[in-house]
Amino acid sequence: MDAFYAAIEQRDHPEWRGKPVIVGGSGSRQVVSTCSYEARKFGVHSAMPGVRAKQLCPQGIFVVPRMEVYEQVSAQVREVFERFTDQVEPLSLDEAFLDVTGSRALFGDGPAIAARIKAEVRERTQLTVSVGVATSKYVAKVASDLRKPDGLVVVEPGDERSFLAPLPVAKLWGVGPVTQQQLERAGLRTIGDVQGRSEAELRQAFGDSLGPHLYVLGNGLDPREVEPDRQAKSIGHELTFADDLRDPDQVHSILLQLAEMVGRRLRRGGLYGTVVRLKLRYGDFTTMVRQQKVAATADDLELYRVARTLLTAVWDRGRGVRLLGVTAAGLCERAAPAQGSLFAPAPKNRDRLLQAMDAIRDRHGEDSVRHGGERRRTTPWGPTEE
């Protein structure tokens, strides 16, 4: 999808169309989630600190993310994909791989299916999608990025190497700024330069892991198949704060909020976590991660109880908290029967309570109801500054 979150905001706010829309906060501790193409002309990009985005684009329209809306639109797009194939591997809310090999008799070849998908996504959502068509996941991904927005790039079988050759090595998956500098020092500036080296030469120069990786991708040989049953390995949320937090009540309140957000997503997906993970970052960027196995759960308060225990064990109260995160991992689709606590609410009563809270939020918004003890200093999907 093209600038997915920002495009939804422009769709839902016609007065913002043609203007720089930046999804995320503008504060010193906030980051850009995504931005419209109008904002990108000013140098704004995802993961940029919000304060820097504000400097580059002071006229930008900064928008708090509405993740529940983005998830709903993503589901609509997924429904379009599944009309053409059941071989769909979602990577995120706005990106997926489709294997349409078995769909040609019904819908035509890859380019024909791509064109129909683009048209139906636009009709269903009023949004544009860019599509790459190729014989492998990697080449299709690169192709999909080349002519955004609203692009359609086809790489014919046998043309993979010539298609990739003129592109910079930064287009190779896994090549970040540090690896790019390493490659350029070795005289490899384009993927064509990588293609000119044998696998043995690349292995000798860059090691047994990176060398073969460069060889396979550089020559368009990505052998991985589309995995339609791919599931998330974990569900988590984390928040970075405008000012380091030192008040335990504030920290615990936000920890509860994070647990609430994770629990909601678990229940929405019909999933349960068997591991609770806490992430804590201090003002000097020292980061601590601790986790604990639990009986399968999607209960906000159980996630909070375990996360708070982990926090108590690791937090040095003399140091301010810059970031907090709660994650449920070890996901499964069914909770095993467990012995309840003598004084805890009955599990069925808890389930009914959580279902009721979810129903209220579905109808009236994420902030309409929450557990007692939570003093909201942030939005449901990110921190705000006073």
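Just check the stretch 88-155 against the gyration tensor rule for me: Cα atoms, a ≥ b ≥ c as the square roots of the eigenvalues, rounded for a/c under 1.5, and otherwise prolate or oblate depending on whether a/b exceeds b/c. Rounded is the answer for the stretch 88-155, as its axis ratio a/c remains below 1.5.
The spacing between the stretch 109-132 and the stretch 152-218, judged by their C-alpha centroids, is 30 Å.
In the structure shown, the pairs Lys19/Lys137; Lys137/Lys293; Lys19/Lys148 are assessed against 27 Å; a Cα-Cα span above that value is assigned to Lys19/Lys137; Lys137/Lys293.
From least to most packed, judged by other beta carbons within 10 angstrom and beginning with the fewest, Cys35, Cys57 follow the order Cys57, Cys35.
For the chain, the equivalent ellipsoid derived from the Cα gyration tensor has semi-axes of 39, 26, 24 Å, listed largest first. For a test of the definition: using alpha carbon positions, the gyration tensor, and the 1.5 limit on a/c, classify the stretch 173-273 as rounded, prolate or oblate. Oblate, because a/c is 1.5 or more while a/b does not exceed b/c.
Between the stretch 18-53 and the stretch 85-100, the C-alpha centres lie 27 angstrom from each other. Cβ-Cβ distance of Gln204 and Phe107, R₀ of 51 Å, FRET efficiency by 1/(1 + (r/R0)^6): the value works out to about 0.65. Charges were assigned to the Cβ only: +1 to each Lys and Arg, -1 to each Asp and Glu. The resulting dipole of the stretch 110-214 about its Cα centre is roughly 280 debye. Rounded to the nearest 10 degrees, the inclination of helix 347-364 to the longest alpha-carbon principal axis of the chain is 60 degrees.
Taking label points 7 Å from Cα along the Cα-to-Cβ direction, Asp316 and Ala119 give a separation of 6.3 nm. Modelled spin labels at Ala359 and Gln72, positioned 7 Å past Cα toward Cβ, are 1.9 nm from each other.
Each reported figure results from applying straightforward, stated rules to the coordinates on display, with no laboratory input. The model shown is predicted, which means the values in this text are computed figures rather than measured ones. Every residue, glycine as well, gets a Cβ built from its backbone with ideal geometry; the counts of neighbours run over all protein chains shown.
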